[in-house]
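Reading through the structure tokens given below for one structure.
The values are calculated or read from the model by the stated rules, or taken from the named source; none is laboratory data. This is a predicted model, so every value here is computed, not measured. Don't worry about glycine lacking a Cβ; one is built from the backbone with ideal geometry, like all the others, and counts go over all protein chains shown. In case anyone asks, the SASA skips ligands and DNA or RNA and just uses the protein heavy atoms, side chains included. Shrake-Rupley method; radii C 1.70, N 1.55, O 1.52, S 1.80 Å.
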Amino acid sequence: MTYTKDIAEALQRGDADKVGELVRLALIEELSPKEILENGLIRGMNIIGIKFKNNEIYIPEVLIAARAMHAGMELLRPKLVETGVKNIGKVVIGTVKGDLHDIGKNLVKMMLEGAGFEVIDLGADVSVEKFVSAVKEYHPDILGMSALLTTTMLNMSEVIEALQTADLRGKVKVMVGGAPITKHYAEQIGADGYSPDAATAVEDARLLLTLK
Ligand code: B1M
């Protein structure tokens, strides 16, 4: 049986129980955790990302697939730590201060995790200070900010200025997104990247890693 292919397919169907069962069996059959991750879970999630971007599937399907991904990751994570498989990069993410919208941010987080990034999620309504201290504490490659309100999107530039003041701006790439954000706005506030959707966010995050 081709476990990894079946895992990728079960993940795309959003069948969390099946993903869990197949990951367990694959581990018993001594497939490497790296292979299960890359050729099973991440491959499945990449396909979900492409379909979402092409409007072939919608938010509910992505969320269900992400839940299946988590079911597999729960079993795989301890083995990955044991075998020393590294994440491809580290992202700290949050929705800016005053903003409680977190559905888009959660989607971006899930897609990044699906692509092999370690993601530290600060949640919603995140203060400037909290973003800055998270960069100090976790040393991420990328800081991701989401905003859904025209009033709160202004807080993104405050975070970037605070990173500059703390002498951290050169140490982390900043990417932004959310319905009212545009490429022009991202450039204006000095962000390194803007992504219109969660699948593009993964592509852009990969690109930002190469620019570090
Ligand atoms: Co609010 N809300 N809301 N709301 N809400 C909007 C955003 C609004 C457009 C509705 C409207 O008036 N038509 C409007 C904003 C107007 C504006 O500022 N221009 C609005 C308003 C006004 C408000 C309140 C002020 C309403 C009130 O109380 N009077 C209030 C504010 C609360 C607050 O935040 N302080 C409020 C509250 C809420 C709820 C709590 C009820 C709920 C949020 C629940 C939650 O998130 N847990 C809610 C919701 C659900 C919406 C709508 C209906 C849907 C937002 C959403 O989740 N979209 C929204 C109207 C709409 O969009 N139709 C609306 C789906 C999500 C997947 O898309 O977040 O854009 P999105 O994320 C995308 C991309 O933008 C991108 O990828 C995602 C996936 O493709 N992306 C990134 C997002 N973050 C990214 C980060 C990246 C990269 C890409 O890099 C880091």
Fill in: Accessible solvent surface per residue of the chain, calculated while the other protein chains remain in place, 1.4 angstrom probe, Å²
49 Å²
Worksheet item: Tell me which lysines have Cα within less than 21 Å of LYS105's Cα, excluding those fewer than 8 residues away on the same chain?
Response: LYS51, LYS53, LYS90, LYS97, LYS130, LYS173, LYS183
Practice prompt. Measure nothing fancy, just the Cα-based angle from helix 103-114's long axis to the longest principal axis of the chain, in degrees from 0 to 90, nearest 10.
Written response: 50 degrees
Worksheet item: Against the longest principal axis of the chain, how steep is helix 128-138, in degrees 0 to 90 to the nearest 10, with axes from Cα atoms?
Response: 50 degrees
Discussion item. I'd like the Karplus ³J(HN,Hα) series for the range 2-8: coefficients 6.51, -1.76, 1.60, θ = phi - 60°, whole numbers in Hz, and an x wherever there's a Gly or Pro.
Written reply: 8, 4, 5, 5, 5, 5, 4
Practice prompt. Return one number: the angle in degrees, 0 to 90 and rounded to the nearest 10, between the long axis of the Cα atoms of helix 59-83 and the longest principal axis of the Cα atoms of the chain.
Written response: 70 degrees
Worksheet entry | DSSP-defined antiparallel bridges as percent of all bridges, the range 54-212, nearest 5 | 0 percent
Response to the item:
By the C-alpha gyration tensor axes a ≥ b ≥ c (rounded if a/c is under 1.5, else prolate when a/b exceeds b/c, else oblate), the shape of the range 33-82 is oblate
Response to the item:
Along the dipole axis of the range 20-161 (charges at Cβ: +1 for Lys and Arg, -1 for Asp and Glu; origin at the Cα centre), the most positive-end residue among LEU143, ASN39, ILE103 is ASN39
Worksheet item: Summing -39500 (n - 2.57) over the DSSP H runs of n ≥ 4 in the chain and dividing by its residue number, what mean residue ellipticity at 222 nm do you reach, to the nearest 500 deg cm²/dmol?
Response: -17000 deg cm²/dmol
Worksheet entry | In sequence order, calculated HN-Hα J values of the range 11-19 (Karplus, 6.51, -1.76, 1.60; Hz; x Gly/Pro) | 4, 5, 7, x, 8, 4, 4, 5, 4
Practice prompt. Place a +1 charge on the Cβ of each Lys and Arg in the chain and a -1 charge on the Cβ of each Asp and Glu, then give the dipole magnitude about the Cα centre in debye, rounded to the nearest 20.
Written response: 280 debye
Worksheet item: Rounded, prolate or oblate: which fits the range 85-211, taking a ≥ b ≥ c as square roots of the Cα gyration tensor eigenvalues, rounded meaning a/c under 1.5, else prolate when a/b beats b/c?
Response: rounded
